[in-house]
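The values are calculated or read from the model by the stated rules, or taken from the named source; none is laboratory data. Since this is a predicted model, take the numbers as computed values, not measurements. Here Cβ is always computed from backbone atoms with ideal geometry, including for glycine, and neighbour counts include all displayed protein chains. All accessible areas refer to the heavy atoms of the entire protein, side chains included, with ligands and DNA or RNA removed. Shrake-Rupley method; radii C 1.70, N 1.55, O 1.52, S 1.80 Å.
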Amino acid sequence: VNPLPPEKRTRDSWDSNAAAWTDAVRTGAMESRRLVTDDAIVGTVLGIDGARVLDVGCGEGWLARRLAEAGRQVTAFDGSAGLIAAARRAGGATFELLDYVDFVARPTRAGGEYDVAICNFSLLGDDVGGVLRAIRSVVVEDGALVVQTLHPVAAADGRYEDGWREERFDALPGAWQPMPWYFRTLESWFRDLRAAGWRLADLREPAHPGTGRPASLILVGR
Ligand SMILES: C[S@@+](CC[C@H](N)C(=O)[O-])C[C@H]1O[C@@H](n2cnc3c(N)ncnc32)[C@H](O)[C@@H]1O
């Protein structure tokens, strides 16, 4: 049994997996991203008014770059030094190394005011309240939060209850360190958003064209 708390192992995994993750994203190795979820998040964000965008847990930065190309002014941050280095090498937006713990302690570290904040598959811990409240404090009053996550029903794996799960990245090439992530039901997502001061304004379930099953869940908070 690994004695480290799951949050710490999640963080460590992103440092270990930075190179393999960057390759997987940039070569389009994840079919659901290529076919469904990349366009779904880009389309949702571009459908919301507001130039100033914050990409929370941006990884190697593809989404920040894509939105900047579409004319948005994007600041992006992530806690993995390897991923931020990869993001900066590719350029196209402002990329900062910042862990959620430090963001929650002082949200202004993520910069000024934003019209839209995005968490694209980047809320992985059991307590997302701090991050969601910190985001609320840097987004303007009538601004928006867009969260894309694994669809709880599609990802439930038989157990439809909140709890830690482990991603082993078996479907992807390369050597990976397993990543703990916290599964939450749709009801829990709704409750956590509300508790952090967000009102659910839109909900989308982009479907995989082959299987017809939802490839993700997109929640828009206002
Ligand atoms: C599945 S990746 C998604 C990356 C990117 N949003 C994308 O769509 O390609 C999850 C990201 O969350 C970041 N992350 C996880 N825990 C974090 C933490 N405590 N602080 C900052 N970033 C964190 C990881 O470093 C990783 O880049």
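Of note:
- Over the chain, volume per residue of the alpha carbon convex hull, in Å³: 120
- Alpha-carbon Debye profile of segment 156-222, log10 I(q)/I(0) at 0.17, 0.23, 0.25, 0.29 Å⁻¹: -0.85, -1.13, -1.15, -1.18
- The listed residues Arg168, Arg194, once ranked by accessible area (1.4 Å probe) with the largest placed first, stand as Arg194, Arg168.
- When Ser216, Ser16 are compared by accessible surface with a 1.4 Å probe, the order from highest to lowest is Ser16, Ser216.
- DSSP bridge pairs, segment 95-222: antiparallel proportion in percent, nearest 5: 70
- Within segment 135-159, backbone nitrogen closer than 17 Å to the virtual label 7 Å beyond the Cα of Glu205 toward Cβ: 148-159
- The chain: antiparallel DSSP beta bridges as a percent of all, rounded to 5: 45
- Entry note, the chain: relative contact order of 21 percent, from Cα contacts under 8 Å with a spacing of 6+ residues.
- Local net charge near Trp189, Cβ-Cβ under 14 Å (Lys/Arg +1, Asp/Glu -1): -3
- Between segment 177-191 and segment 19-34, the C-alpha centres lie 22 angstrom from each other.
- With K and R counted +1 and D and E -1, the other residues having a Cβ less than 12 Å from that of Val36 yield a net charge of 0.
- Both radii come from the Cα set of segment 20-124: Rg as radius of gyration, Rh as Kirkwood radius; their ratio Rg/Rh reads 0.94.
- Ranked by the mean number of other Cβ atoms within 10 Å per residue, highest first, peptides 99-112, 176-189, 56-69 order as 56-69, 176-189, 99-112.
- Of the accessible area of the chain, computed with a 1.4 Å probe over protein heavy atoms only, carbon and sulfur atoms account for 49 percent.
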